[in-house]
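Asker: This structure is in structure tokens; I'll ask about it shortly.
Read-outs: derived from the displayed coordinates by stated rules, not from any lab. Just so it is clear, the model here is predicted, and its values are computed rather than measured. In this analysis, Cβ positions are derived from the backbone assuming ideal geometry, glycine residues included, and neighbour counts consider all displayed protein chains.
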Amino acid sequence: MAETGPLHIQPDNDESDNREADWKSTISVADALRMAEAILFASAEPVTVRALEERLPSGIDVPALLGELQSVYSKRGINLLQVGGAWAFRTAADLAFLMNREAVQQKKLSRAALEVLAVIAYHQPVTRAELEDIRGVETSKGTLDVLMETGWIKFRGRRRTPGRPITYGTTSSFLDHFGLQEVRDLPGIDELRGAGLLSARMPANFAIPIPVNDPDELTEDEDPLTDIDLEELGLLTPRVEHD
């Protein structure tokens, strides 16, 4: 969460200075409490008394303000605690068990899913028919669905060919997961062979394409997905037409 900036009014002239002075002198304890609460809530790190004094209007007893806030939150799901000389909101100790995340069971992708992912990564943009032509076997919708759920592949657009088939490509999550800056950083044939991922009996004319297309930019033979396309793919809630 972004850290809030100092709470102050930017004066444009002497009249603005006077208005700011009047505002500071008339601020209520309730308003000061709300300001301190907002600063503490928005800060990613514990906030010191000095930092609060710099942000709040002058003349406010910040320690007393913190004591009041601590009392207000003492019976709630989050408490205001002093952390290493600073102050921060934390989950109430008796509710800490609610924050324990369940371990996510890691599931290995099937060989078919790995093959499809590799074809999409190296040949993108690619259609389902092109996937099947490259692999030599039919590609099930379930395999594509699994890869979509991982967030590693996405619908790119529609090919400008009869039937206007959907094209697939990889996502930024795919690059992040595999430690790649861009698709051009995918390993080449020598790297794959050195890692033992290619059989030593591969045909002499076997080659691996070097991805050159930006996953976020459509090629000349692709059209962008329309709202109707997104509705058909389940990526957009169907519009309801009213009489």
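Asker: How would you classify region 20-99 from its alpha-carbon gyration tensor, with a ≥ b ≥ c the square roots of the eigenvalues: rounded for a/c under 1.5, else prolate if a/b is greater than b/c, otherwise oblate? Kindly include the intermediate steps, with their values, before the conclusion.
Answerer: On the way: a/c = 2.58, a/b = 1.99, b/c = 1.30.
Cα axes put region 20-99 in the prolate bin.
Asker: Continuing with this model, one more query. Taking the Cα-to-Cβ direction at ILE78 and at ALA44 and moving 7 Å from each Cα, how far apart do the two end points lie in nm?
Answerer: The answer from the label model is 1.6 nm.
Asker: What is the sum of charges around PHE89, taking Lys and Arg as +1, Asp and Glu as -1, for the other residues whose C-beta is under 10 Å from the C-beta of PHE89?
Answerer: Working: positive: ARG76, ARG90; negative: GLU37.
Its environment carries a net charge of +1.
Asker: Applying the Karplus parametrisation 6.51 cos²θ - 1.76 cosθ + 1.60 with θ = phi - 60° to the phi angles of region 164-178, what ³J(HN,Hα) value in whole Hz is obtained for each residue in order, glycine and proline being reported as x?
Answerer: Using θ = phi - 60°, the values come out as 6, x, 5, 9, 10, x, 8, 10, 5, 5, 4, 4, 5, 5, 9 Hz.
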